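All remarks here apply to the structure that follows.
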Amino acid sequence: MPRGIPALIFACILTSPAAADELKEIACGRSLEKAGAPPQMVLDQSLHVMDQTRSAAKFDPGLAPPGYSIKSIFCARSDIVPAPSDYKVVQAGYPLMIFARDKQDRTNRTRIAVLEMSDGQLRLRSVGEGGFTPEMVSRIRSFLDTSLPEFGKVTR
């Protein structure tokens, strides 16, 4: 049976060191739902979103445990701006939640963003109080400008 991620474990994941300029994926998992039960965020050591989206035409989240359904995918990373092929997760029908420590914030707060479809458009929205810096907004726009033409393509 799947088990949720205790807050302390997830906090430890987010404190892992990463190179300043290279995007690193620390860990990923699935948000699972089951009728009559609260949603669960479950780490999956075999789920590597960046590797899979870079090398495969389609994103495959794997199978949910019996009785559960996959509602979204989440990853802890070194940067809040999505990887170039992350749009494939949304294209497959799953929002992608990204957790990242703020590199320039001395408080070490965690930024959270969700890559999703909204009114027929691919978007990245900030969750919580952190928001996006002007520099992040510029990089997010570049990601979206590059991803939008790819998003509409049919993959086999």
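Which of the GluC sites (Glu not before Pro) across region 18-112 are loop residues per DSSP, with 15 or fewer other Cβ within 10 Å?
Those satisfying the criteria are Glu22.
Per the Cauchy relation, a quarter of the hull surface: what is the mean projected area of the convex hull of the alpha carbons in region 64-118, in nm²?
On the way: hull surface 19.6 nm².
Answer in nm², one decimal: 4.9.
Taking the Cα-to-Cβ direction at Arg139 and at Val127 and moving 7 Å from each Cα, how far apart do the two end points lie in nm?
2.0 nm
Could you work out the Rg to Rh ratio of region 7-151, with Rh taken as the Kirkwood radius (inverse of the mean 1/r over all Cα pairs)? Write out the running numbers ahead of the final one.
Numbers: Rg = 14.9 Å, Rh = 15.7 Å.
In region 7-151, Rg relative to Rh is 0.95.
No value in this document is a laboratory result; all are computed from the given coordinates. Remember, predicted model here, so these are calculated numbers, not experimental data. When we count neighbours, we look across all protein chains shown, and the Cβ atoms used for this are built from the backbone with ideal geometry, even at glycine.
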